[in-house]
Structure formats: C-alpha cells, structure tokens
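Reading through the structure tokens given below for one structure.
The values are calculated or read from the model by the stated rules, or taken from the named source; none is laboratory data. On a predicted model such as this, the values are computed, not experimentally measured, just so you know. Protein only, heavy atoms only, side chains kept; ligands, DNA and RNA dropped before computing areas. Shrake-Rupley method; radii C 1.70, N 1.55, O 1.52, S 1.80 Å.
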Amino acid sequence: MMGRILSRWRIVVATLFAAVLVAGAYAYAILGVRPQTVQASEASALLAQIATKDSNGDGLPDWEKQLYGIPLNATTTDYFHLGMTDGEAVAKGLIVPVAVANVPQTATSTATTTAIDPSLGAAPANGTLTAAFARDFFTLYLNAEQQNGGAGLSADQINTIANQALADLAASVKQAPAYKQASDLAVQGTGSAAMQTYAANAEGVLMSGTANASTTEINYLQEAITNDNASALTAIGSIAKSYRVAAAGIAALPVPHELASQDLALVNALMRLGEVVQDFTLVHSDPMASMLALQEYPQAILDLGNAFIGITEAYRAAGVTFAPNQPGASFVGLIPSIAADQASSTTP
C-alpha cells in the first residue's frame, strides 16, 4: 500500500515485514546470502480462518457449503429440513455435492447418484477457482464411490477427497507470466548521476501512489473475514491497485545499465503482489482463489523485500551515496532504515 508520502510507504513496508525478517534479510544480503523463508504466521492464520469459517454455524465451512448448494447467506443450520444440522447431514451421507446430485445415473457408471434436486442451491459460478475445485471434487467423489461399490462415502473419505481436490487445484493454477521482460525496459545511461536521477524518479512514483486505506491488506482481510466488512474488501482492492500502479510507473522510467536487473525485479515483484492481493477481494465470492492467494502471499512479500535489498546493494556496489534529504535517498535506503528502526526498537 503506497500513501501520498514516502514515509507512509516506509510504515507499510515495515508492517508487512516482521522485524526479524527485515533485519535478517538485510544482514544476509550484506553477506551475499538470500533468505529462503518468510514469517507467514499472519497469512497462515487467515488461511485457516477462511478454510474453517462457518457463517451460520451449520457445521460446514463456507467453501464447503457451496459444494452442497447451500447459499452463503443461509441463516438456517438445517437448509434441507432433515431435522439436523447440514454438517450432520453431510456426515451421515444424507446430502451429496451439487455436481453429484445433478448428474443422472448412466449405464456405464456403477456410482449411486440422485436425480436433480430442485431444492439445491446454485453451484459455484463458472470461471471461479471454487467452481474448478467443485468439478474436480465431483470427479474424485464419483471415482471413490465406484471403488466403494456404489456405497455412500464417510465424512473422513469426503475430507480426503476435498484435500486431494485442493492439492490438484493448487498444482493446476499457473502463475501469470512476469509483467515485464528485460527487453521491455528503457535502459539508458550509466554512472552516479544517472543512478541518482533514477532513485529520485522511483521515489516520486512511490510518493504519488494513493490507496484508499489506512492499514495493510492483511489487516483488512482479517476484518473482511471476521466481520464481513464490505468496505474492507474495497480497501483491499485499492491497495492492490496501488501496487500495480507503482509497478507500471517504475517500469516506465529510464533505468541506468547498473540497475537494469534490480529494476526488473522490483517492477515484477510489485505487480505480482498486486495480483495476489487482488485475489483477497474474492474471499466471499471465490474463497478458493483467496486461499491460494494467501498461500502465495508470503513469497510475494519476500520477493518484494529482496527486490528492495537488491536496489540497496547495487547502489552500495557502485559507491553512489545520498545526502539525508536528497531526492532518492529514502528509496535507496528503505530497507536499511527499516532494519535500523526495528533493531533499535528491540534493543533493551
């Protein structure tokens, strides 16, 4: 999330990176070693919240409700009027996934399925990752039912199928290609003056970025999951856009030869983070997309941190320095200043 002034950008980056990660990554970079892991406790906790969120307390998480055609806005815990909660009905095999119920019995299949039930809600919208998950779940369900001699599946068996479908989905999703290639950059100029000009211009891009938000995307996602706060999703969308706008703005700058690879890494890291964060806004309409995005988020953050570290290293290697208030100084010194702040805050 970029604010109107670079100091706000510093605050947000400091929030995104755990103190140990920032200081540690910077120290490792000085030694020529890249950190391979990122502290992902917040993302993991939110992932678990999405996976287990049960809006109406019927014993089924929201993403699983969609498999059985139960609307996410259902207020009753006994949607099918079976005298028990929907979770209990699923465990007893009394209701089956929409995809299974909506496929008529064929002569070539030994699986026991039911006719289309008009009381079933709509399946997840086509084109969503949740819909793709449902289709794979359906295929795995039928195969397991056939192997089970046509008998219904237990709750444990269904859970195993769900885990397999989620793993299949994660493996099938291809990350979008990099936003920019080296050939897309306007590489021109060399030396201290060119590098200082680039830093000042990149700093200007970050300073001009705006986001209709007052905290980080992770905090807003927490609010959206916990309190169904629609304005939190709007703020997340604004943050995601600000990442993408920053990527586009920096990509358009002339970049000195000494900084070409670092500039490319920063541009692509910003755009990728924007794409990942944008998927957070789908937490209610396509929960699988948000779950997969949360799995990718720690690496996206790490890539951004490494990109900024690369910028700092390149200036140090070239011997280019800045006066404290010189334009570009905050951009080049972003990670070192954050690491120093974090280190001083933890010193007794």
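For segment 253-317, what is the accessible area per residue in Å² when the probe is 1.4 Å? Working shown, then result.
Working: 1820 Å² over 65 residues.
Heavy-atom accessible area per residue stands at 28 Å².
Rounded, prolate or oblate: pick one for segment 288-341, where a ≥ b ≥ c are the square roots of the eigenvalues of its C-alpha gyration tensor, a/c under 1.5 means rounded, and failing that, prolate if a/b is larger than b/c, else oblate.
Working: a/c = 3.56, a/b = 2.67, b/c = 1.33.
It is prolate, given that a/c is not under 1.5 and a/b is the larger ratio.
Determine the distance separating the Cα centre of segment 227-268 from the Cα centre of segment 55-81; give it in Å without decimals.
Going from one Cα centre to the other spans 37 Å.
How large is the Kirkwood hydrodynamic radius of segment 132-291, in angstrom, based on all distinct alpha carbon pairs? The partial results should precede the final answer.
Numbers: mean 1/r = 0.0531 Å⁻¹.
Evaluated on segment 132-291, it is 18.8 Å.
May I ask for the Kirkwood hydrodynamic radius of segment 239-348, worked out over all distinct Cα pairs and given in angstroms to one decimal?
Values: mean 1/r = 0.0644 Å⁻¹.
In segment 239-348 this quantity evaluates to 15.5 Å.
When the solvent-accessible surface of protein heavy atoms is calculated with a 1.4 angstrom probe, in what order do His81, His284 fall, highest first? Don't skip to the end; give the middle numbers.
Values: His81 155, His284 65 Å².
Sorted by accessible area, descending: His81, His284.
Can you quote the Å³ per residue value for the convex hull of the Cα atoms in segment 196-299, rounded to an integer? Spell out each step's value before the answer.
Details: hull volume 9.6 nm³, N = 104.
Looking at segment 196-299, the number lands at 92 Å³ per residue.
Just by accessible area at a 1.4 angstrom probe, what is the order of Asp156, Asp58, Asp303 from largest to smallest?
Details: Asp156 120, Asp58 0, Asp303 65 Å².
Ranked from most to least accessible, the order is Asp156, Asp303, Asp58.
Mean projection of the alpha-carbon convex hull of segment 249-301 over all orientations, in nm²?
4.0
Starting at 0 and stepping by 10 Å, how many percent of the alpha carbon pairs of segment 151-224 end up in each bin?
Percent of pairs per bin, in order: 12, 16, 25, 21, 13, 8, 4, 0.
Which sequence of Arg244, Arg316 reflects their accessible areas, 1.4 Å probe, from the largest down? All intermediate terms of the calculation are to be shown ahead of the outcome.
Values: Arg244 75, Arg316 125 Å².
Largest accessible area first, the residues go Arg316, Arg244.
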